[in-house]
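Notes follow the structure.
The values are calculated or read from the model by the stated rules, or taken from the named source; none is laboratory data. Small disclaimer: the values here were computed from a predicted structure and weren't measured. Cβ atoms come from the backbone with ideal geometry, glycine included; neighbour counts cover every protein chain shown.
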Amino acid sequence: MPDLHIEGTCDRRFARVKDAFAENFATRNEYGAAVAVTISGKPVLDLWAGHADKARTRPWTRDTLVNVFSTTKGLTAICAHRLADQGKLDFDAPVARYWPEFAQNGKERIPVRQLLNHRAGLPAIRHQLADDAAYDWQVMTTALAAEEPWWQPGSKHGYHALTYGWLVGEVIRRITGKSVGAYFRDELAGPLALDCHIGLDARDDDRCGQIIQSPPPPPGQMNIFQYAMDHPTSVTARTFNNPPTALKLSAVNARAWRGAEIPAANGHTTARSLARLYGALADGGQVDGVRILSPDAITRCHTEESVGTDEVLLVPTRFSTGFMLTQPHDPIGPNAHPFGHPGAGGSLGFADPDAKVGFGYTMNKMGPYILIDPRTRCLIDALYASL
């Protein structure tokens, strides 16, 4: 892309990351994107470039927001850990202590922890939901309260791709009286001055990047959506197709999706905000005098609780209480304790307490990879080569 103009700031020490960012546009079909890094809570890199729309008529600017899909799960997990830190939430208590209606169909003993580490057996709903059900909190939580687990809770794990947000979010709502979006805004986004939202106000629509269709996976790469089409009654198919809203770009780019609170999948943010939030967690749990989590809570964030073949994604995955961890076959850098979450298409936010790194990457051109996208990988490799 000969006319590429990268804007923002970059400490000279991290010039390789800027070069990798440019390489993504030149060789990996990037449309619009941003990357940001903090070290010990201080910003060292904050870059953006490209276009916010497929037609390349709107430039990506400093305050362009974009939907980050499952990167949202990390934001929701931080909310839950904050409540646990404050003694308001016990991860080992039954979900039904906070949400009595949940104790149906053999779920009375499921602990809150299993909602976050994907072991609860509730990644999908069996009966078909209306296409717009994802926008109705009551419909989704009522359906999940009535659902029977797909496996013996705790016996295995499978990615709760969409249900994670309603499950964890309803526990947060029952404890605080606030929706996840409101709690995140009041407790985290506001105090840290983050441009990060679960449930986006209509006044911010003009700042949103347009999500652009992914190409098919390359040969040899697992095509999870093709598998779902070929096995329509499988837990994988029901996880992603019921309701089908998240798979429709026409829905994801529309006001109803942006304005709803879908705490597993519809966060809208900048890379800068992801890096600042995770940067606080990488540096002892606070930044600029604002404490997010205690050191003990941060240890819990990167303690493995689920590992092995994922019942939904059908590839090996590792999770802590709410966060995706570095994978042996798909690592998040070279260190042992990074935690955060990738999102469908390529976005990523993570903290690395060993290197005191906070990282955020957002983009609008979807990629076909299940975990870490090659564009993200290129940036991570360049980052750690610079340290």
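Might you check whether a residue that is over 30 Å from Val287 (Cα atoms), among the charged types (D, E, K, R), buried (at least 16 other Cβ atoms within 10 Å of the Cβ) and within 22 Å of the chain's Cα centre (by Cα) occurs anywhere in segment 233-240? Yes, segment 233-240 has at least one match. Here Gly308 meets the list (1) in contact (Cβ under 8 Å) with a residue 24 or more places away in the chain; (2) within 17 Å of the chain's Cα centre (by Cα); (3) in a strand (DSSP E or B) almost entirely, failing just condition (2). The number of residues in segment 337-352 being touching a His at 6+ places or on another chain (Cβ under 8 Å) and part of a loop (DSSP other than H, G, I, E, B) comes to 2. In segment 282-299, the count of residues that are in contact (Cβ under 8 Å) with a residue 40 or more places away in the chain and within 15 Å of the chain's Cα centre (by Cα) is zero.
Looking only at segment 335-371, how many residues end up being surrounded by fewer than 24 Cβ atoms within 10 Å (Cβ to Cβ), among the hydrophobic types (A, V, I, L, M, F, W, C) and at pLDDT 95 or above? Give the steps one after another, and end with the answer.
Going residue by residue through segment 335-371, those that are surrounded by fewer than 24 Cβ atoms within 10 Å (Cβ to Cβ) are 335-337, 353-356, 366-371.
Remaining after also requiring among the hydrophobic types (A, V, I, L, M, F, W, C): 336, 355, 366, 370-371.
Adding the requirement that they be at pLDDT 95 or above leaves 336, 355, 366.
Residues meeting the conditions: 3.
Criterion first (touching a Phe, Trp or Tyr at 6+ places or on another chain (Cβ under 9 Å) and within 30 Å of Glu7 (Cα to Cα)) does Leu65 satisfy it? No.
Kindly indicate whether any position in segment 303-316 is under 17 Å from Leu115 (Cα atoms), surrounded by 24 or more Cβ atoms within 10 Å (Cβ to Cβ) and modelled with pLDDT of 95 or more. The answer is yes; a qualifying residue exists. The single residue among Ala33, Ala77, Ala55 that is farther than 29 Å from Asp288 by Cβ and among the small types (Gly, Ala, Ser) turns out to be Ala55. Regarding segment 189-209, can at least one residue be identified that is surrounded by 19 or more Cβ atoms within 10 Å (Cβ to Cβ), farther than 19 Å from Gly349 by Cβ and either modelled with pLDDT of 95 or more or charged (D, E, K, R) (or both)? Checking segment 189-209: not a single residue is surrounded by 19 or more Cβ atoms within 10 Å (Cβ to Cβ), farther than 19 Å from Gly349 by Cβ and either modelled with pLDDT of 95 or more or charged (D, E, K, R) (or both). For Pro243, the stated conditions hold: it is surrounded by 21 or more Cβ atoms within 10 Å (Cβ to Cβ), closer than 24 Å to Gly367 by Cα and modelled with pLDDT under 95.
Check segment 145-153 and report whether any residue there is within 22 Å of the chain's Cα centre (by Cα), surrounded by fewer than 20 Cβ atoms within 10 Å (Cβ to Cβ) and either under 21 Å from Gln114 (Cβ atoms) or not aliphatic (A, V, I, L, M) (or both). Within segment 145-153, not a single residue is within 22 Å of the chain's Cα centre (by Cα), surrounded by fewer than 20 Cβ atoms within 10 Å (Cβ to Cβ) and either under 21 Å from Gln114 (Cβ atoms) or not aliphatic (A, V, I, L, M) (or both). Taking Arg97, is it basic (Lys, Arg), touching a helix residue (DSSP H, G or I) at 6+ places or on another chain (Cβ under 6 Å) and surrounded by 15 or more Cβ atoms within 10 Å (Cβ to Cβ)? Spelling it out, it is not the case that Arg97 is basic (Lys, Arg), touching a helix residue (DSSP H, G or I) at 6+ places or on another chain (Cβ under 6 Å) and surrounded by 15 or more Cβ atoms within 10 Å (Cβ to Cβ). With respect to the conditions (1) buried (at least 20 other Cβ atoms within 10 Å of the Cβ); (2) at pLDDT 95 or above, Asn253 falls short on a single one, namely (1). Confirm whether Leu83 is crowded, with 23+ Cβ neighbours inside 10 Å, modelled with pLDDT of 95 or more and out of contact with any His (no Cβ under 7 Å at 6 or more places or on another chain). So Leu83 does not fit the description; no. If you take the residues in segment 165-187 that are touching a strand residue (DSSP E or B) at 6+ places or on another chain (Cβ under 8 Å) and surrounded by 19 or more Cβ atoms within 10 Å (Cβ to Cβ), which one is nearest to Ala280 (Cα to Cα)? My answer is Phe184.
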